[in-house]
Amino acid sequence: MGLIEKFLPKEDRFAALLLYGMVFATCFNGYDAGIMTVILADPQFTEYYNMTPDRQGIVSTAPWATTGLAQLFLGGTLAAYLGRIWALRVSIIFMCIGVTVQVVPNTFGVLILGRLMTGLGFGCNYIATNLYVAECSPRLLRGSFVGMVAQFRYQLGTLIAFWAGYGMSSPYNIAWRVSNLIQIPIGLMFVALTYFYPESPRHLLEKHPDEPERALKVLAKLRPGATTDERVRTEFHEMVASWKYRQRYRTGYLGLFKSKAMLKRLGYGFYAMALQQFGGIAALTMYATLIYQSLGWDAGHQALAINCIQAVLQLFIVFVNTFTVDRFGRKQLLIWGFAIQAGALLILSSLTTSFPQNNNKAAAVTEIAMLFIVGLTYCWSNGPVPPAIATEIFPQHVRDKAFGISALGQTICLIALTQPWPRFNNQVGPRSYWLLFALNVVALVSVIFILPETSQLSLERMDKIFGQIDAVEGGEQQGSKEVAEEENLAVGRTINDGGDAEKDGTVDHVESAQRM
């Protein structure tokens, strides 16, 4: 498969272009982390708000407090009732308002209010984006699409932010205000772009089961093909059969906590998302400029320049995930990722402990190299893989809310490590990196013994790896005739609506349902 064919597969070119566009929906978070790295090191910003290590921690982590709130209650509900696309539009506009509140002349309290608003919007945005990508991706490429969007958008945001911050220099607190505002046009551009996006076919079927043709039309457009094409009909059959079987279960939050099997999946989802931040990458990213300065790279714009170079490399290393995650599986990438990060942090910790005064140039260069290795490895391993796992392990009727709660694992780990890091780093000094080494070792061992493999399965057939009845098979056994009638009804209506199906497209699908 050629390079272009890998990223724009012939049979899924339309879906690929749509899903890559989703990068702009969530690069807010990467931009925010990147620009705050620059802003926290800006003397004007520090003087304006009388910044202390504790205040630095509050500014860095305030958005994640409301992100957690959105993940727990609001994000999944918004995506369920408004749909994935409208949830994106609302959340992005709210984020833009939050950014505006941050940059107007204000007090420290108003700054934090703006940060909290931005975090609330991002929590809803993150859930809707990942749900949309997972539900619209073709089965064999789902991991690469979800991972690509989840991590590339973050790295693109940080890249833009680092270079924007690097190029900004002006008096009167203008630089950090303008560099923060730059993210707003990106968000508004994507809001306009969403009017070319169809709603998720799986959400449409869940929301409008009496109009299955709506989901079928979108599915045929995404794949693309006629509604009678075998590839489209096979996937649509799985969607309908799974939906029929799931009618016996409660939906929403009650559906999550009434079943032991669902609680087990929720535990896996929470754990998978926690892996994304468990190794302390957010602390290394958010305080990167300050860390580089503390390691002796503080002459002129050295620290900012190192940040910019690392951001460029991280943006392109994300493609490693695209080529490997569906080939080797989610679990293998996490194992290799945590092993490499633990090794790099072991070397880094040993050097910072041996040369606490940063008086050895070779050691200082090696330390930067180890930080680069940690950041680059994260971009193809425990950055993009956890969202892919957490979006695919839940059945459709609870996926939106379950993914939101699972994402709390990410948020809790991020806050727990990022908020106290400035004070911890000041008190412990060069030995602070031993903590990150230990956390990566723990994550590595846990992945080996705990995490299941979820690649190569359709969203409707995840039940089997959790010891439950395959929902598609259950739906077929429950009433293959009903399933076939639903499918034929949808195809028939697309024909009547002027769809591209052939006249003989409403063949009895009972026999094919029984074969699958």
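Just to check I understand the Karplus step: with θ = phi - 60° and J = 6.51 cos²θ - 1.76 cosθ + 1.60, what whole-Hz values come out for the range 357-365, glycine and proline as x?
With the stated coefficients, the range 357-365 comes to 8, 6, 9, 10, 5, 4, 5, 5, 5 Hz.
For the range 158-281, rounded, prolate or oblate, judged on the Cα gyration tensor with a ≥ b ≥ c (square roots of eigenvalues), a/c < 1.5 rounded, else prolate if a/b > b/c?
It comes out oblate by the Cα gyration axes.
Grab the Cα-Cα distance for residue 360 and residue 182, subtract it from 0.36 nm times how many residues apart they are, and report the gain in nm with one decimal.
Numbers: separation 178, 0.36 × 178 = 64.08 nm, distance 3.88 nm.
Contour length minus the Cα-Cα distance gives 60.2 nm.
Once Rh for the range 34-134 is found with the Kirkwood sum over Cα pairs, what is the Stokes-Einstein diffusion coefficient at 37 °C and 0.692 mPa s, in µm²/s? Don't skip to the answer; put the middle values down first.
Working: Rh = 14.1 Å.
So the translational diffusion coefficient is about 232 µm²/s.
Between residue 327 and residue 207, what FRET efficiency follows from the Cβ-Cβ distance if R0 is 41 Å, with the result rounded to 0.05?
Working from the Cβ atoms, E equals 0.75.
Which entries in 221/401; 258/464; 331/361; 221/331; 260/331; 401/464 show an alpha-carbon gap greater than 30 Å?
331/361; 221/331
For the range 310-379 and the range 91-123, what is the separation of their C-alpha centers, rounded to whole Å?
What the calculation gives is 32 Å, centre to centre.
For the range 89-173, just say rounded, prolate or oblate: build the C-alpha gyration tensor, square-root its eigenvalues into a ≥ b ≥ c, call rounded for a/c under 1.5, and beyond that prolate if a/b exceeds b/c, oblate if not.
Oblate is the answer for the range 89-173, as a/c is 1.5 or above yet b/c matches or exceeds a/b.
Determine the per residue accessible area of the range 386-461 with all protein chains present and a 1.4 angstrom probe, expressed in square angstrom.
With the other protein chains kept in place, the range 386-461 gives 32 Å² per residue.
What list of ³J(HN,Hα) couplings, whole Hz, do you get for the range 57-64 from phi and the Karplus terms 6.51, -1.76, 1.60, once you set θ to phi - 60° and write x for glycine and proline?
Listing the rounded values in order: x, 5, 4, 5, 9, 3, x, 6 Hz.
Give a residue-ordered list of calculated ³J(HN,Hα) values for the range 267-277 (Karplus: 6.51 cos²θ - 1.76 cosθ + 1.60, θ = phi - 60°; whole Hz; x for Gly, Pro).
x, 5, x, 4, 5, 4, 6, 5, 4, 5, 10
I'd like the carbon and sulfur percentage of the solvent accessible area for the range 190-245, probe radius 1.4 Å, heavy atoms only, ligands and nucleic acids excluded.
56
Based on the Cβ-Cβ distance of residue 100 and residue 369, what FRET efficiency does E = 1/(1 + (r/R0)^6) give at R0 = 60 Å, to the nearest 0.05?
Efficiency for this residue pair is about 0.95.
The values are calculated or read from the model by the stated rules, or taken from the named source; none is laboratory data. Only a predicted model underlies this, so the values are computations on that prediction, with no experimental measurement involved. For neighbour counting, all protein chains shown are included, and Cβ atoms are generated from backbone atoms with ideal geometry for every residue, glycine included. Keep in mind that these areas ignore ligands, DNA and RNA; they rest on the heavy atoms of the full protein, side chains included. Shrake-Rupley method; radii C 1.70, N 1.55, O 1.52, S 1.80 Å.
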